[in-house]
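S.K.: Structure below; questions to follow.
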Amino acid sequence: MYPDILVVTATLGDRETLNQTVTSVKAIGKNRVKHILIAPKDKCETIKEMFPNVDVLEEPINCGGIYSALNYAIENFGRTYAYITFINDDDYWLESYQQLFDFLDHHPNVDAVYSRTCFVDNNGIVLGEQACSPRYQAFNPLLFTSIVLFTQQSALIRSSVYFSVGGFDTSFKLAADTLFWSTAIALGAKFKYINIVSAAYTIQKNQLSSDKKTQSCEHQRILNAIKRPSHLRIIFEKILFLIWNTRIYCKRVISRKQIKNLGGSKISL
């Protein structure tokens, strides 16, 4: 029966945080998870030596970035797994992530689950908590207020969702996963919010998401590609979102901690 969850990490193998990524997926996913690290050819042997118990896949020669690498891995292996997700080499699962695949196990009518992510520094100190809400059909309206409702660190989908969408748009450098979620919801995939913090996103210098110019351009590309809801719908969804996350915003004010580096598909209030 197992493994039935495919987890893919695109990496160069040169981040110390990769060890925590691999360790967390193994510890929480146990025998349910097949974790594949996909990397450029010249990095594969080194990564295999570092992680002998994890499969290392060589990127195709014409690989054009992280989303091309993810598509290649999932297209080649994803059809044999019930669930799929990907996690960056500077992020990691928390123990509560197990609740996501437990939920899908018992709710066959649900196509995907998502929860919240916490933001940590290089020392693992929590800097803040992602704002989120159960209104997944507000995903597109919220995009027009620069809010991305959830991110891949704390999400899990059935493999059928990936293949119905057709994978990630490789013309994007940072935000293809945001477009992926938008498309999946528009196609009628049923999502479920679980009110937990299930993953950690490490904020550090020189990560792709710190490229604000590309982030802004790609976000605008997504807005240009999707149908714009009415102004009233956009305002209505933003107000509900703010109300739902009052606790998180109050906590941020009190602690005087701000999340300043939420680039790419990780935009959030």
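S.K.: Report yes if some residue within the stretch 60-70 is closer than 23 Å to residue 3 by Cα and of a type in the set (Phe, Trp, Tyr); otherwise report no.
M.R.: Checked the stretch 60-70: no residue is closer than 23 Å to residue 3 by Cα and of a type in the set (Phe, Trp, Tyr).
S.K.: Identify all residues within the stretch 239-249 that are under 16 Å from residue 135 (Cα atoms), open to solvent by less than 70 Å² (accessible area, probe 1.4 Å) and part of a helix (DSSP H, G or I); write none if there are none. Before the answer, list the steps.
M.R.: Step one: of the stretch 239-249, the residues under 16 Å from residue 135 (Cα atoms) are 239-246.
Next cut, open to solvent by less than 70 Å² (accessible area, probe 1.4 Å) only: 240-242, 245-246.
Hits for the stretch 239-249 are 240, 241, 242, 246.
S.K.: Is it the case that some residue within the stretch 100-121 is among the polar types (S, T, N, Q), in a helix (DSSP H, G or I) and at pLDDT 95 or above?
M.R.: no
S.K.: Across the stretch 61-71, what is the number of residues that are more than 17 Å from the chain's Cα centre (by Cα) and either in contact (Cβ under 8 Å) with a residue 24 or more places away in the chain or closer than 14 Å to residue 166 by Cβ (or both)?
M.R.: Residues that pass the stated criteria total 1.
S.K.: Go through the stretch 122-141 residue by residue and tally those that are modelled with pLDDT of 95 or more and over 17 Å from the mean Cα position of the chain (by Cα).
M.R.: The total comes to 4.
Yes/no matrix, rows are residues, columns are (1) among the β-branched types (Val, Ile, Thr); (2) within 20 Å of residue 234 (Cβ to Cβ); (3) open to solvent by 50 Å² or more (accessible area, probe 1.4 Å):
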site	(1), (2), (3)
110	yes, no, no
120	yes, no, no
132	no, yes, no
138	no, yes, no
156	no, no, no
159	no, no, no
168	no, no, no
173	no, no, yes
184	no, no, no
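S.K.: Give the number of residues within the stretch 99-133 that are within 19 Å of residue 177 (Cα to Cα) and either touching a Cys at 6+ places or on another chain (Cβ under 7 Å) or not hydrophobic (A, V, I, L, M, F, W, C) (or both).
M.R.: Summing the residues that are within 19 Å of residue 177 (Cα to Cα) and either touching a Cys at 6+ places or on another chain (Cβ under 7 Å) or not hydrophobic (A, V, I, L, M, F, W, C) (or both) in the stretch 99-133 gives 7.
S.K.: Of everything in the stretch 215-234, what is more than 17 Å from residue 180 (Cβ to Cβ), part of a helix (DSSP H, G or I) and open to solvent by less than 70 Å² (accessible area, probe 1.4 Å)? Give them in sequence order.
M.R.: The answer is 234, and nothing else.
S.K.: So, one more: When residues of the stretch 27-83 are filtered for being open to solvent by less than 40 Å² (accessible area, probe 1.4 Å), of a type in the set (Gly, Ala, Ser) and not in a helix (DSSP H, G or I), how many remain?
M.R.: The qualifying residues number 2.
S.K.: Any residue in the stretch 86-94 that is more than 17 Å from the chain's Cα centre (by Cα) and either free of Cβ contacts under 8 Å to residues at least 40 places away in the same chain or surrounded by fewer than 22 Cβ atoms within 10 Å (Cβ to Cβ) (or both)? Show your work before the answer.
M.R.: Filtering the stretch 86-94 for residues more than 17 Å from the chain's Cα centre (by Cα) gives none.
No.
S.K.: Now, a different point. Residue 63 versus (1) at pLDDT 95 or above; (2) over 22 Å from residue 195 (Cα atoms); (3) among the hydrophobic types (A, V, I, L, M, F, W, C): which is the lone unmet condition?
M.R.: Unmet condition: (1).
The values are calculated or read from the model by the stated rules, or taken from the named source; none is laboratory data. This one's a predicted model, so the numbers in the text were calculated from it and none came from an experiment. We place every Cβ from the backbone using ideal geometry, glycine too, and count neighbours over all the protein chains shown. Heavy atoms of the whole protein, side chains included, go into the accessibility calculation; ligands, DNA and RNA do not. Shrake-Rupley method; radii C 1.70, N 1.55, O 1.52, S 1.80 Å.
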